[in-house]
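The values are calculated or read from the model by the stated rules, or taken from the named source; none is laboratory data. Only a predicted model underlies this, so the values are computations on that prediction, with no experimental measurement involved. Here the Cβ is made from the backbone with ideal geometry for all residues, glycine too, and neighbour counts use every protein chain on show. Quick note on the areas: whole protein, heavy atoms, side chains included, nothing else; ligands and nucleic acids left out. Shrake-Rupley method; radii C 1.70, N 1.55, O 1.52, S 1.80 Å.
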Amino acid sequence: MKDEYDMIVIIIGGVLIGITYIVLRKFGIGPVTIMCFSCVKMVWNWLVATSRLDAKLVWNWLVAKLSVDTASLLVEKEKVNWSKKHDLLPKAKRDFQLEQFKNFRKQLRMCYYDVEIDGHKFQQHFVTDGTWQIEFDDGKGVIIHNSPMFDEVTTDEFVLTPEVMSRVHKICGGNNYSLVLRNSEHLCRYIRSGAWISFQMARNTPLRAIFENHMSADQMKLINTMPNDLIFEEEPSDEPIYNEVGDYHIQFCQSKEILTDADNDAFNILFLGPTGSGKSTLINHLYNQDVVKAVHC
């Protein structure tokens, strides 16, 4: 009897994916197809939960037989996210989540676990104190919870300093998720160091390869770029940063847009680093004066 039920599940699964295939042929890759495919997958997961089949193996086999391009579905879903402003807003749940975050202890870890969506693998990152977790979830946004975590890999350990807490204040309640531009790794590395970086979206990585040929030049520039609402710029000032320093610093003369032949004998110092890492602040401290805009994240 169980074998017959399993066979029925496979048949129903084939019919469901067949419906998606028909929608795909009629409407092309778009919101209607994505919604249909998501509903089919949800029904399929429920059916398999009541059988003894290996859901992943059977699903991938059915998809392959009907030639459903899951990569295209994933890209189309991301295109919706790329069309939105590069922000984390809205942050309606910020106050509630900040209250939740008070449960966190001082010693924190940055971790990840492996996730697979329709055959495409990536890492879901989170920050934890061992009991409570904060992570960025597709569909739910920033969430704080104390659900048990399994099979996680720890990548870094750090302390909950005032600077870390300041960054937590800025991201709590955010929900504008994008696997490419604003994912869980971006959020966790920002909490840890203030840098908006996802190594999964670096050049020549499998995850980036899925999307980059579908992105415009302007969208590509936003990869690993700080969201607008996390950036605060201070205007340059003529006042010294520290009055007690006196003249024991480099004297600022002028700012130049380009270098010319007249600068061939000058010493040039190049400052490299992601947005918010402290390049402008370090330059300003060399001169003991705000000569460039400092971006605070």
Original post:
Once the other residues with Cβ under 9 Å from the Cβ of TYR190 are scored (Lys, Arg +1; Asp, Glu -1), what is the net sum?
Top reply: +4
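Applying 1/(1 + (r/R0)^6) with R0 = 25 Å to the Cβ-Cβ distance of SER216 and ASP87, what FRET efficiency is obtained, to the nearest 0.05?
0.85
Got the relative contact order for region 129-177 handy, in percent, Cα pairs under 8 Å and 6 or more residues apart?
45
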Original post:
Restricting attention to region 180-236, which trypsin sites (Lys or Arg not before Pro) occupy a DSSP loop and are surrounded by at most 14 other Cβ atoms within 10 Å?
Top reply: ARG203
Original post:
Going from most exposed to least, what order do TRP132, TRP82 have by accessible area with a 1.4 Å probe?
Top reply: TRP132, TRP82
Subject >> Residue-normalised accessible area of region 128-194, given per residue in Å² at a 1.4 Å probe >> reply: 39
**OP:** Give the peptides 98-108, 280-290 in descending order of average Cβ contacts within 10 Å, highest first.
**Re:** 280-290, 98-108
Original post:
Tell me, in nm to one decimal, what length is gained between ASN264 and THR155 on full extension, where the rule is 0.36 nm per residue of separation less the Cα-Cα distance?
Top reply: 34.8 nm
**OP:** For region 107-255, with all protein chains present and a 1.4 Å probe, just round the carbon and sulfur fraction of the accessible area to a whole percent.
**Re:** 49
**OP:** Would you kindly state how much longer the chain becomes between GLU244 and VAL115 on full extension, computed as 0.36 nm times their sequence separation minus their alpha carbon distance, in nm to one decimal?
**Re:** 41.1 nm
Subject >> 21 Å Cα-Cα threshold exceeded, pairs from LYS106/LYS170; LYS84/LYS121; LYS93/LYS170; LYS93/LYS221 >> reply: LYS84/LYS121; LYS93/LYS221
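Would you kindly state how much longer the chain becomes between TYR287 and CYS39 on full extension, computed as 0.36 nm times their sequence separation minus their alpha carbon distance, in nm to one decimal?
Extra length available between TYR287 and CYS39 comes to 83.3 nm.
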